[in-house]
Structure formats: structure tokens, C-alpha cells
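Chemist: There's a structure below that I have some questions on.
Each reported figure results from applying straightforward, stated rules to the coordinates on display, with no laboratory input. Quick caveat: nothing in here was measured; it's all calculated off a predicted structure. Neighbour counts run over all protein chains shown; Cβ positions are idealised from the backbone, glycine included.
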Amino acid sequence: MRINYERKSFISSDFELLAKDERFNFEVWGTTSPVVRAVAFGGKGQKPIWNYRFRTVESLNNQISESLASYMRREEVKQEYKAKRSAPHDVQLGDVFRCSWGYDQTNIDYYEVTKILGAFVEITPIRCMSEETMSMQGESVPCVGSYFGEPMRKKVSMVTSEPSITMNSYSTAFRMKPIASIGKAKVYKSSHWTAYA
């Protein structure tokens, strides 16, 4: 049986509100006499992030300051991540994205950018040339222009140094850099695959 806790169930009758910051839904309840005790909550959580007894009021205040600083750092990281995700990308028509995924085996999928739609792109699955180099494993390279599936509209993320596209909950595609060009055709490094099914 699941117990649904509420913040008030952790707050003693002799506690009073000692600190509050609405930005992080942060609250500290406690008492400073005869002993210094306090319980802190933050975010959407109903359970305490800490529940301590302190030697001095100064120690309590230090703990409160550290907790708030931690929330502020987390918020900064979150904002930086959002800014990077929304940063302008340099993806161009014809760019190839590679997605490697799998648990007991390594599957490789390739996609080609077929439209630029602002912060989004349209990508279409492309075939690959594959060669088995050992039993149930080998190397593959993308076949640019050899489409076989339906186009998909995806948002480009710039969180890493190279543009990436989240394909689903378990895989992300990253842009491939050509290692050479032969005429107008780009040559890509091969990718290793395994098939232990």
C-alpha cells in the first residue's frame, strides 16, 4: 500500500517557518529553542530534503544558504541547457545523421536531411552498404540519396558540439562529418554493427 505523504506530516507542532523562497518552493520549518532543529522542503517534493538537529543557529543558517545555493546552481544549469538546445544550428540539406542503438546488439540507422524548417529539420531514413567482417558483426556506411522510409520532422539540439536529434526515448542521432569528397559525393567513416540476436 502506497502512503501519500504531505509536508505538514513532517512538521512538528512547535515548528515555525524559518525560511522561504517561492522560486524553488523552498521552505524551512523548525525551532531554535531549546534545541535547534529544522526540516527543509524543496520543489514539488512532499518529503524533506533534510531533517537535522543543529548545534547552533549559525549552523542552521549555513545549511539553509547551502541548500538555496544548490537550487540556484541547478536553475542556472537548466537555463544554460535550454539556451544550448535552442541555439541556432548549422545543419544543411544533405547532411547525414547516424543513430546507434541496441541492448544486446548494436544497430546503426542513417538519416539524410531533406528539408530545413527553422529550428527543425525534415530527415528521411536512407539505406546503407553493409559488410559482415566477422560472425554476426560488420561495418556499414550510409548511401546518401537512397531513401526508403517516410520523412520525419525533428528538432535539432545544439547541447553538444555537434548537432543532434532525439529519435525516441532510447536513441539519439548525431551528425556525421565526411572524411573525404569524391567529386560531389561525400565519403563517410564506416560504423561498426553487431547482431547477437
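Chemist: Stokes-Einstein diffusion coefficient for the chain at 4 °C in a medium of 1.567 mPa s, Rh from the Kirkwood formula over Cα pairs: what value in µm²/s?
Modeler: Working: Rh = 21.4 Å.
Answer from the Stokes-Einstein relation: 61 µm²/s.
Chemist: I've got another one for you. Hey, what angle do you get for helix 57-85 against the long axis of the chain, alpha-carbon based, 0 to 90 degrees rounded to 10?
Modeler: 20
Chemist: Evaluate 2.2 N^0.38 Å with N set to the residue count of the range 22-73, then give the Cα radius of gyration divided by it. Intermediate results must be reported in sequence, preceding the final value.
Modeler: On the way: Rg = 10.9 Å, N = 52, 2.2 N^0.38 = 9.9 Å.
Expressed relative to 2.2 N^0.38 Å, the Cα Rg reads 1.11.
Chemist: If you stretched the chain out fully between N107 and F148, how much longer would it get, using 0.36 nm times the residue separation minus the C-alpha to C-alpha distance? Numbers along the way, then the final one.
Modeler: On the way: separation 41, 0.36 × 41 = 14.76 nm, distance 1.69 nm.
Once the chain is fully extended between N107 and F148, it gains 13.1 nm.
Chemist: Report the charge-dipole magnitude of the chain in Debye, nearest 20, computed about the Cα centre from +1 at each Lys and Arg Cβ and -1 at each Asp and Glu Cβ.
Modeler: On the way: 27 positive and 22 negative charges, 64 e Å.
With only Lys, Arg, Asp and Glu charged at Cβ, the dipole is about 300 debye.
Chemist: How many lysine pairs in the chain, separated by 8 or more positions in sequence or lying on different chains, have Cα atoms less than 22 Å apart?
Modeler: Final tally of qualifying lysine pairs is 25.
Chemist: Let me ask something else about it. Taking neighbour Cβ counts within 10 Å as the exposure measure, how do F97, F148, F120 sort from fewest upward?
Modeler: On the way: F97 26, F148 9, F120 15.
Fewest to most other Cβ atoms nearby, the residues stand as F148, F120, F97.
Chemist: Quick one: net charge around I116, please, counting Lys, Arg +1 and Asp, Glu -1 for every other residue with C-beta under 10 Å from its C-beta. Write out the running numbers ahead of the final one.
Modeler: Working: positive: K115; negative: D95, E122.
Local net charge: -1.
Chemist: Where does each of C99, C143 land when they are ranked from fewest to most other beta-carbon atoms within 10 angstrom?
Modeler: Numbers: C99 21, C143 16.
Ranking C99, C143 by Cβ neighbours within 10 Å, fewest first, gives C143, C99.
Chemist: Measuring from centroid to centroid over Cα atoms, what is the spacing of the range 97-160 and the range 57-89 in Å?
Modeler: Distance between centres, Cα-based: 36 Å.
Chemist: Give me the number: length gained by fully extending E76 to T160, i.e. 0.36 nm times residue separation minus the C-alpha to C-alpha distance, one decimal in nm. All intermediate terms of the calculation are to be shown ahead of the outcome.
Modeler: On the way: separation 84, 0.36 × 84 = 30.24 nm, distance 1.73 nm.
Gain in length upon complete extension: 28.5 nm.
Chemist: Calculate for the chain the 222 nm mean residue ellipticity that helices alone would give, adding -39,500 (n - 2.57) per DSSP H run of length 4 or more and normalising by residue count, nearest 500 deg cm²/dmol. Write out the running numbers ahead of the final one.
Modeler: On the way: 1 runs with 29 residues, N = 197.
Here the helix-only value at 222 nm equals -5500 deg cm²/dmol.
Chemist: Ok, one more. Ranking V121, V39 by Cβ neighbours within 10 Å, fewest first, what do you get? Provide the component values of the computation, followed by the final result.
Modeler: On the way: V121 25, V39 20.
With the fewest neighbours first, V121, V39 line up as V39, V121.
Chemist: Can you tell me the length gained on complete extension of the stretch M136 to I182, counting 0.36 nm per residue apart and subtracting the Cα distance?
Modeler: Working: separation 46, 0.36 × 46 = 16.56 nm, distance 3.06 nm.
Between M136 and I182, full extension yields 13.5 nm more.
Chemist: In percent, what relative contact order does the chain have, based on Cα pairs under 8 Å that are 6 or more apart in sequence?
Modeler: Reported as a whole number, the value is 15 percent.
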